[in-house]
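So the structure is just underneath, and the comments pick up after that.
The values are calculated or read from the model by the stated rules, or taken from the named source; none is laboratory data. All of these numbers come straight from a predicted model, not from anything done at the bench. Because the Cβ atoms are built from the backbone with ideal geometry, glycine has one as well, and the counts that use them run over all protein chains shown. The accessibility values were calculated without ligands, DNA or RNA, using every heavy atom of the protein model including side chains. Shrake-Rupley method; radii C 1.70, N 1.55, O 1.52, S 1.80 Å.
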Amino acid sequence: QVQLVESGGGLVQAGGSLRLSCAASGRTFSLYAMGWFRQARGKEREFVAAISWSGGDTVYADSMKGRSTISRDNAKNTVYLQMKSLQPEDTAAYYCAAAKYGSNWIREDVYDYWGQGTQVTVSS
């Protein structure tokens with residue numbers, strides 16, 4: 001069982017930056033690939049970024065390439081999402097998720113555990 005708790009969301013002006021964190025419980029964090037998704041009000045949840053268990057492989061949604069960096073610290077059981085040049089369309093609840101198996105990290109059904117989300121609001 002893995003429990004995930006996101007933090008770092010908040011209100012930021014357009015063009016600003018935020019770093020989201022996702023702290024995981026359990027001793028097997030390093031066995032899981034980790035992903036970030038987001039869901040804007042009235043829209044479906046969408047993939048943002050993912051990172052392999054070792055941190056050696058990452059993948060990003062086209063909308064976030066060049067504006068975000070996913071990283072992890074397995075010693076701290078934490079995964080991060082650094083975002084910059086934020087725009088109002090980035091406003092959403094951001095969720096982290098953990099996947100033990102599978103490699104198609106863009107798909108939600110690969111993930112076994114989900115956090116409760118942290119809200120990011122970007123004002124214009």
Quiz item: With Ser25, Ser85 as the choices, which residue is touching a residue at least 12 places away in the same chain (Cβ under 8 Å), more than 30 Å from Ala14 (Cβ to Cβ) and polar (S, T, N, Q)?
Solution: Ser25
Quiz prompt | Failed criterion for Ser52 (all others in (1) free of Cβ contacts under 8 Å to residues at least 60 places away in the same chain; (2) surrounded by 14 or more Cβ atoms within 10 Å (Cβ to Cβ); (3) farther than 20 Å from Val2 by Cβ; (4) of a type outside the set (Val, Ile, Thr) hold) | solution = (3)
Exercise. May I ask you to verify whether Leu31 is under 18 Å from Gln1 (Cα atoms) and either open to solvent by 70 Å² or more (accessible area, probe 1.4 Å) or among the acidic types (Asp, Glu) (or both)?
Key: yes
Quiz item: Residue check: is Gly42 open to solvent by less than 40 Å² (accessible area, probe 1.4 Å), outside any strand (DSSP E or B) and farther than 17 Å from Tyr113 by Cα?
Solution: no
Quiz item: Which condition breaks for Ser30 when tested against (1) of a type in the set (S, T, N, Q); (2) within 10 Å of the chain's Cα centre (by Cα); (3) modelled with pLDDT under 95?
Solution: (2)
Practice problem: Give the number of residues within segment 85-124 that are farther than 22 Å from Ser52 by Cα and in a loop (DSSP other than H, G, I, E, B). | Solution: 5
Quiz item: With respect to Lys43, is the statement that it is at pLDDT below 95 and basic (Lys, Arg) true?
Solution: no
Quiz item: In segment 93-117, which residues are surrounded by fewer than 21 Cβ atoms within 10 Å (Cβ to Cβ) and of a type outside the set (A, V, I, L, M, F, W, C)?
Solution: Lys100, Tyr101, Gly102, Ser103, Asn104, Arg107, Glu108, Asp109, Asp112, Tyr113, Gln116, Gly117
